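The values are calculated or read from the model by the stated rules, or taken from the named source; none is laboratory data. A quick note: this is a predicted structure, and the numbers were derived from the prediction, not measured. All Cβ positions, even for glycine, are placed from backbone atoms using ideal geometry, and neighbour counts span all protein chains on display.
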Amino acid sequence: MIVLILVFITAFTVVLYATPALIKVAVLKRLIDLPSEDRKVHKRAIPTIGGIIIYAATLFAFSLWYNIDDLQGEYLQINESVKEFKILVATSLVLFFVGVKDDIIGTAPVKKLFANILVGLILILMGDIRITGLHGVFGVNEIPLWGSIFLSLFTYIVVVNAMNLIDGIDGLAAGVGFIAASVFGLWFVFANEYTLASLSFSLSGALLGFLIFNFSPAKIFMGDSGSLIIGMFLCVLSIKLIEYPLHRVNSFWIHISNPIYVVAALSYPLTDTLRIFILRAIKGQSPFAADKNHLHHRLLDCGYSHAKTVLIIYTFSFFTIGVSFLSYYLNPSLSLIAVLVSSGLFILSVHFCYRRSQRKKIINS
C-alpha cells in the first residue's frame, strides 16, 4: 500500500514541477494552439504538448516502483507480468510519438486510425490483453477467439478515440481520466493486484498534477500526445479488470459486475462518442470530423463556464459509477440497462437545457 502512495506522489510531483518549464519551452518554440477555428472555445494561444509530461510522469513513476521481487504467484504468472510490462511500454511509445507528431505538425485521421489498429493488434495478439467474454451480460459468458479479437480491437479503438474526442474544454479529459484511473486503482487494490493498481495510480497522479495547470483557465493543453496515451492506458486497465479472475476478488467485489463497473467509469467519453458518431452518421459526415456538437459544448452553450461544465460531467461520472453498484443486487444485463438509462437521462437533460438557452437567445434578440 505504501508503494502505491509513493507511485501517486511521484507522478504528481514530476508533473507539478516540470510543467511550468514545459510551458516556457512550448511558448518559446511556438508549440501552441491558436484559436483559429470556430470550433475552438479558447480565446488565446495556449501550449498544446502537455501530453509529453503526462506520459513521462506516468511511465517514470510506474517503472521506478515496479519491483519484480514484489510480484506474487507462480513463475509463469511473473513472466506474464513482465511480458505485459514490455508490451505496454513498446506500444505506448508508438502511440505517444504519433500524438506528438499530430500536436506539432498534424497527422491525417486515417494515419492515426492505422496507428491505433496496429497498437491494438500488438496488445491483443502479442500481449494477449483481450476480452474473452461478456461475463454474464445478456447471458453471454465465453465468446470464440475471432469474436474476442474483434471485440477487443473495437473496444480499444473506441476507448482511445473517445478520450481523444472529449479533449475539447479545459480540464475535461484530464479530470475524467483521473476519475477512471482512480476507481480502477481502488478496484485493483481490493483485488490485491498491486502491479495494475500501480499503473492506475501513476496515471491518476500525473493527471491530478496536470489538472492544476489544465483546469479553467487552462495554461496548457494535453494534445493528442496526452489523450491518446490516456485512452490506451485506460483501455488496458479496463480489459485487465474485466478479465480479472473472480476467485482472487474479495467477497464484496465478486458480486459487482466487472464490465458494468468499467462502462460506468468511462461513462462520459463512451456516451458522448456514441452520441456524436450517431449524429454525424445521420448527417452523412465522417465520424472523425471535428465540430462543436459534443455534450460539453452544449453545456457551454447553456451558459455554464468551463469550470461548471466539467464539474457537472465529473458529477455524472461519479453518479454512473454509483449506479454500477446495483449489479450487487441485479443481474449484469439489468445493471447495464440502469447505466445506459442514466446516460440517456443525462443526454436529455443537456439537450433540454440547450434548447431552452437557444429559445432565450432568440427571444432576447
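Can you tell me which residue in the range 178-192 is modelled with the lowest pLDDT, limited to those that are surrounded by fewer than 22 Cβ atoms within 10 Å (Cβ to Cβ) and over 13 Å from the mean Cα position of the chain (by Cα)?
Checking each candidate, the answer is ASN192.
Checking SER335 against (1) of a type outside the set (A, V, I, L, M); (2) in contact (Cβ under 8 Å) with a residue 60 or more places away in the chain; (3) farther than 22 Å from TRP187 by Cα, only one condition comes out false. Which one?
(3)
Within the range 251-262, how many residues turn out to be surrounded by 15 or more Cβ atoms within 10 Å (Cβ to Cβ), aliphatic (A, V, I, L, M) and over 15 Å from LYS240 (Cβ atoms)? Before you say what the answer is, go through the steps one by one.
In the first step, residues of the range 251-262 are kept if they are surrounded by 15 or more Cβ atoms within 10 Å (Cβ to Cβ); the result is 253, 256-262.
Keeping just the survivors that are aliphatic (A, V, I, L, M) gives 256, 260, 262.
Add one more test, that the residue is over 15 Å from LYS240 (Cβ atoms), and what stays is 256, 260.
Within the range 251-262, residues that are surrounded by 15 or more Cβ atoms within 10 Å (Cβ to Cβ), aliphatic (A, V, I, L, M) and over 15 Å from LYS240 (Cβ atoms) number 2.
Does the range 126-147 include one or more residues that are polar (S, T, N, Q) and either crowded, with 21+ Cβ neighbours inside 10 Å or part of a helix (DSSP H, G or I) (or both)?
As a first pass, look at the range 126-147 and keep what is polar (S, T, N, Q): 132, 141.
The next check asks that each one be either crowded, with 21+ Cβ neighbours inside 10 Å or part of a helix (DSSP H, G or I) (or both); those that pass are none.
No.
Taking ILE104, is it within 20 Å of ALA115 (Cβ to Cβ) and modelled with pLDDT of 75 or more?
Here the answer is yes, as ILE104 does meet what is asked.
Considering only the range 41-73, state which residues are at pLDDT below 60 and surrounded by 15 or more Cβ atoms within 10 Å (Cβ to Cβ). First the steps, then the outcome.
Filtering the range 41-73 down to residues at pLDDT below 60 leaves 42, 68-73.
If the condition is that a residue be at pLDDT below 60 and surrounded by 15 or more Cβ atoms within 10 Å (Cβ to Cβ), then HIS42, LEU71 are the ones that fit.
Among the candidates ILE5, ILE9, ILE78, ILE23, which residue alone is farther than 18 Å from LEU228 by Cα, modelled with pLDDT under 85, assigned to a helix (DSSP H, G or I) and not charged (D, E, K, R)?
Values: ILE5 fails: modelled with pLDDT under 85; ILE9 fails: modelled with pLDDT under 85; ILE23 fails: modelled with pLDDT under 85.
Answer to the check: ILE78.
It is to be established whether one or more residues within the range 268-283 are buried (at least 21 other Cβ atoms within 10 Å of the Cβ), in contact (Cβ under 8 Å) with a residue 40 or more places away in the chain and either closer than 24 Å to ILE212 by Cα or of a type in the set (Lys, Arg) (or both).
Looking for residues that are buried (at least 21 other Cβ atoms within 10 Å of the Cβ), in contact (Cβ under 8 Å) with a residue 40 or more places away in the chain and either closer than 24 Å to ILE212 by Cα or of a type in the set (Lys, Arg) (or both), one finds at least one in the range 268-283, hence yes.
Anything in the range 228-263 that is assigned to a helix (DSSP H, G or I), in contact (Cβ under 8 Å) with a residue 60 or more places away in the chain and over 20 Å from the mean Cα position of the chain (by Cα)? List them, or say none.
Within the range 228-263, TRP253, HIS255 meet the criteria.
What number of residues in the range 177-221 are of a type in the set (A, V, I, L, M), in a loop (DSSP other than H, G, I, E, B) and under 24 Å from ALA18 (Cβ atoms)?
2
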